[in-house]
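Comments concern the structure below.
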Amino acid sequence: MELAMVGLGKMGLNMATRLVRGGHRVIGFARTAATVQTAVDNGAEGAHSLEEAVSKLKAPRVAWTMVPAGQTTDDTIQQLSSLLSKGDIVIDGGNSNYKDSIRHATLLESKGIEFLDCGTSGGVWGISEGYSLMIGGKPEVVEKMRPIFETLAPGKDLGWGRVGPHGAGHFVKMIHNGIEYGMMQALAEGSIS
C-alpha cells in the first residue's frame, strides 16, 4: 500500500521507516527539510508541503497524521479535508481527545472522506517491536487498512484491532495512558523508598 505520513517526530519517523521496511510506499512530510531528508534516508519519499504529499499519492489516498493533539491536529485535518477527495482516508495516530476525533470524523464524512482514530503506543521501541494500535471507525475502512496495521503491529493478528466506532480508538488510548502513567508513578515511588 501507499500513504503519506504527516509528522515525522520520534514516533512518525519510526513508523514511516517500519512501513517502508514492510514494503509500503511512504511519502513523508514534516515542517523541517532536515526531518524530511531523514525520512528519505530511511527509504521514504519526501514532500515539503502537505499539498505535495497528497499530490504524490494515487486515489484512493491515505494520509496518516502523527502531529501534536489539539490545534495542530485540527489545522492539519482541516487542511487535508480541502486537499483530499471522496473515498480517501485520514488516520489520526496521535493522542487526540476522543471528542475531537468524533468531530473530525463528522467533518471529513461530510466531504465523503473516511476517518479512523488510531491510538498508537510503542514509543521508540515500536520500530523494532511493533506498535499497539487501538482503532476507532467503520469496520470496512479498518479492513481496507489491514496491510498497514499488520505491518506496524507486532504481528498480523497481534497488538492491533478495531475497538469501536469513531472516537473509540482515542478513548481506549486515553485509558491506556492513564494506566501506564499510574504504573510509572508507582514504580518511581517504589524505587525511592
Computed about the Cα centre, the charge dipole of the range 104-193 from +1 Lys/Arg and -1 Asp/Glu charges at the Cβ has a magnitude in debye, to the nearest 20, of 180 debye
Carbon plus sulfur, as percent of the 1.4 Å-probe accessible area of the range 66-176, comes to 56 percent
Phi-derived 3J(HN,Hα) across the range 37-53 with the Karplus relation (6.51, -1.76, 1.60, θ = phi - 60°), rounded Hz, x for Gly and Pro, is 4, 4, 5, 4, 4, 8, x, 7, 9, x, 9, 10, 7, 5, 4, 5, 4
Taking 0.36 nm per residue of separation between Ser85 and Thr72 and subtracting their Cα-Cα distance, the length gained on full extension comes to 2.6 nm
For the chain, Rg(Cα) over 2.2 N^0.38 Å is 0.99
Using alpha carbon centers only, the range 10-46 is separated from the range 113-161 by a whole-angstrom value of 17 Å
Farthest towards the positive end of the dipole of the range 6-119, among Gly94, Pro68, His24 and with Cβ unit charges of +1 on Lys and Arg and -1 on Asp and Glu, lies the Cα of His24
Counting only DSSP beta bridges fully inside the chain, the antiparallel percentage to nearest 5 is 20 percent
For the chain, the count of lysine pairs 8 or more apart or interchain whose alpha-carbon atoms are under 21 Å apart comes to 19
Heads up, the range 92-193 by the C-alpha gyration tensor (a ≥ b ≥ c square roots of eigenvalues; a/c under 1.5 rounded, else a/b over b/c prolate, else oblate) looks oblate
In the range 34-193, taking the dipole from +1 charges on Lys and Arg beta carbons and -1 charges on Asp and Glu beta carbons about the Cα centre, the listed residue (Asn177, Gly123, Val54) farthest towards the positive end is Val54
The range 152-193 -> Rg/Rh from Cα coords, Kirkwood Rh, value 1.17
Quick calc, the chain, dipole around Cα centre from Cβ unit charges on Lys, Arg (+) and Asp, Glu (-), nearest 20 debye, gives 300 debye
So, relative contact order of the range 46-170 in percent, Cα under 8 Å, 6 or more apart, is 22 percent
Taking N as the number of residues in the range 8-78, the ratio of its alpha carbon radius of gyration to 2.2 N^0.38 Å works out to 1.04
Helix 98-109 sits off the longest principal axis of the Cα atoms of the chain, rounded to the nearest 10 on a 0 to 90 degree scale, by 10 degrees
Length gained, Met1-Lys56, 0.36 nm per residue minus C-alpha separation, equals 18.5 nm
Subtracting the Cα-Cα distance of Asn177 and Asp157 from 0.36 nm times their residue separation yields 5.0 nm
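The values are calculated or read from the model by the stated rules, or taken from the named source; none is laboratory data. All values derive from a computational prediction rather than experimental measurement. Cβ coordinates were reconstructed from backbone atoms using ideal geometry, including for glycine residues, and neighbour counts include every protein chain displayed. The area values use the complete protein model at the heavy-atom level, side chains included, leaving out ligands, DNA and RNA. Shrake-Rupley method; radii C 1.70, N 1.55, O 1.52, S 1.80 Å.
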